[in-house]
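Report on the structure given below.
Every number in this text was worked out from the coordinates using simple rules, so none of it is lab data. As the structure is a computational prediction, the values presented were derived from the model and not from experiment. Don't worry about glycine lacking a Cβ; one is built from the backbone with ideal geometry, like all the others, and counts go over all protein chains shown.
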Amino acid sequence: MAVSSMPARSEDPTTRPARAVTRRPRGEGQWALGHREPLNPNERIKKDDDPLNVRARIETIYAHRGFASIDPQDLRGRFRWWGLYTQRRAGIDGGRTAVLEPHELEDEFFMLRVRIDGGQLSLAQLRVIADISREFARDTADITDRQNIQYHWIRVEDMPEIWRRLESVGLQTTEACGDCPRIMLGSPVAGVARDELLDPTPAIDEIVARYVGDKQFSNLPRKFKTSISWLVDTPYESNDIAFLGVDHPEHGPGFDVWVGGGLSTNPMLAQRLGVWVPLAEVPDVWAGVVGIFRDYGYRRLRNRARLKFLVADWGIERFREVLEKDYLGRTLLDGPAPDLPAKPIDHVGVHEQADGRHYVGAAPVVGRVSGGQLAQLADVVEAHGSDRVRLTPYQKLLVLDVPSERTESLVDALRAIGLEARPSAWRRGTMACTGIEYCKLAIVETKARGEELVARLEQRLRDFDADISIHINGCPNACARTQVADIGLKGQLVVGPDGRQVEGFQVHLGGGLGMAQGQTAGFGRKLRGLKTTAEELPEYVERLALRYLAGRSEGE
Ligand code: SF4
């Protein structure tokens, strides 16, 4: 890999005429253009000390002296590089989220993310995750929409022991959060799917081994999200970089590359670079794109620091040219566009693998599971002759390698522990982010609302037979992908029936990802005037569903 270190251009303002200084356009803090001085507090924290170094301080100081001993810059900055965020203090309503100081919003417990690249878990890893949940996290263990496991109620005192246990089975929290390469999404059926021509897992493993925890990429302008899959079973278009399987007519199976996706504010879908990359070159191309982001990404404003803004400003041709010339030192082969399915694949249900065995995909409700449930799952998985579980970016889980004659027994056993392989459309299609229960940025409750919504709709519209996606988000940050759901819900305060502000949602309708050519992948229409109180959400969704059923065309 040839990642250039881009020499800093001399920009000493004291040696230039005053006239030039006053006319100089404001820089975006791009390192490659010589802007090495931090332009905001986040950049300052990263420059003062590499955030990866905080692990040693946690183990040698903070874990012994407790929460009160933690340096605020470590607490609210560098801890994230090890998957740790302070947790929202219970009882603070969404109206106060924006007005309180960080220390007033947080309590002394942490949220901890375990990165599970590609969502792949062995039985031994599942058991360790379950044990940690029960011993150190008050039985919490949410499946996130990025295939992570997220704990709550973690104490800094317990972190050395938690790391020891995770690392004993090959799991880690390294760069699970922070301005660095986050967990890599991967197909939950990589290596077993009947219609997969090439298993990308070796590329994911190599990137993790080479670059996660590597200080050359531990100070990026902001987070960097990756998806690598043969099938269209991840929300690839919302990632900073995505590799999607494509069969080249001359060169065979390889990957089509997309860059610059991201939701949150100013959402953008990733764009195709138009190249074909063989499996062995995926890590180098990935590192080249991360290098561009590190060197040219915007570091002045946090809300303009994602790769999507650079891609939008440069355009895809220039981006490819810089990647090839300055970072890879060679041109990439042009490649065809991949075939896209009519709708994203979530793998729920019973499906045959390439080797004749089966995998079973099951749905918790809005990704919420407990450590106790995961321990029961491990027993069920083992009893059915499997050693492998996968998490999906739709907050579901899969059991692989089930002998055909055991699938129905497995479906029943999963149901008995609250995991449903034949869920209603509502349970299958509803996701929720962390929300006000634990997230310091939240304005509204999400998980409990999601559970209530699914229960009410299952009661009222039990036989609803269409695929539907409902994404519930606690604030505009869109962690549960507000803009790309059939019904996307953005948490905010709205005016209630008695004129007072109450929890509610702005509604986005008709978004979608991974759509077949001829259909349009895109964002839901944000209907500014369309809002619902959280209280009225079930009735609101029910009305929408009934209207859809009444108006849909034959076969829709
Ligand atoms: Fe928190 Fe907002 Fe993200 Fe939900 S969308 S997890 S409330 S930051």
Within the stretch 66-214: Cβ-based charge dipole about Cα centre, in debye rounded to nearest 20 (Lys, Arg +1; Asp, Glu -1): 140 debye
At R0 = 25 Å, FRET efficiency that the Cβ-Cβ distance of ALA466 and ASP412 yields, to 0.05: 0.40
Among 462-468, 303-309, the order from most to least packed when residues are scored by Cβ within 10 Å on average: 303-309, 462-468
Sum of -39500 (n - 2.57) over DSSP H runs of 4+, divided by residues of the chain (222 nm, nearest 500): -7500 deg cm²/dmol
Net charge of Cβ neighbours under 14 Å - reference LEU340; Lys, Arg +1; Asp, Glu -1: -4
Proximal lysines relative to LYS215, as straight alpha-carbon distance under 30 Å, when same-chain residues fewer than 8 apart are discounted: LYS46, LYS47, LYS223, LYS225, LYS308, LYS325, LYS440
Modelled FRET efficiency - R0 22 Å, ASP401 with ARG422, Cβ distances, 0.05 increments: 0.65
Assigned charges on the beta-carbon of Lys, Arg, Asp, Glu; the stretch 240-376 dipole about Cα centre (debye): 920 debye
Length added when fully stretched, GLN216-GLU135, from 0.36 nm per residue minus Cα-Cα: 25.6 nm
Furthest towards positive pole of dipole, ALA270, HIS358, LEU333, structure part the stretch 258-411, Cβ charges: ALA270
Virtual spin-label span in nm between ILE316 and LEU39, 7 Å along Cα→Cβ: 2.7 nm
Eligible aspartates and glutamates near LYS531 by straight Cα distance, threshold 18 Å, same-chain separation 8 or greater: GLU445, ASP486, ASP498, GLU503, GLU539, GLU542
The stretch 340-437, dipole about Cα centre (Lys/Arg Cβ +1, Asp/Glu Cβ -1), debye to the nearest 20: 400 debye
Cysteines without a disulfide-compatible neighbour (Cβ-Cβ under 4.7 Å), the chain: CYS177, CYS180, CYS439, CYS475
Peptides 288-294, 189-195 ordered by average Cβ neighbours within 10 Å, highest first: 288-294, 189-195
14 Å beta-carbon shell around ARG368, net charge (K/R +1, D/E -1): -3
Anisotropy class of the chain from Cα gyration tensor, a/c 1.5 cut: rounded
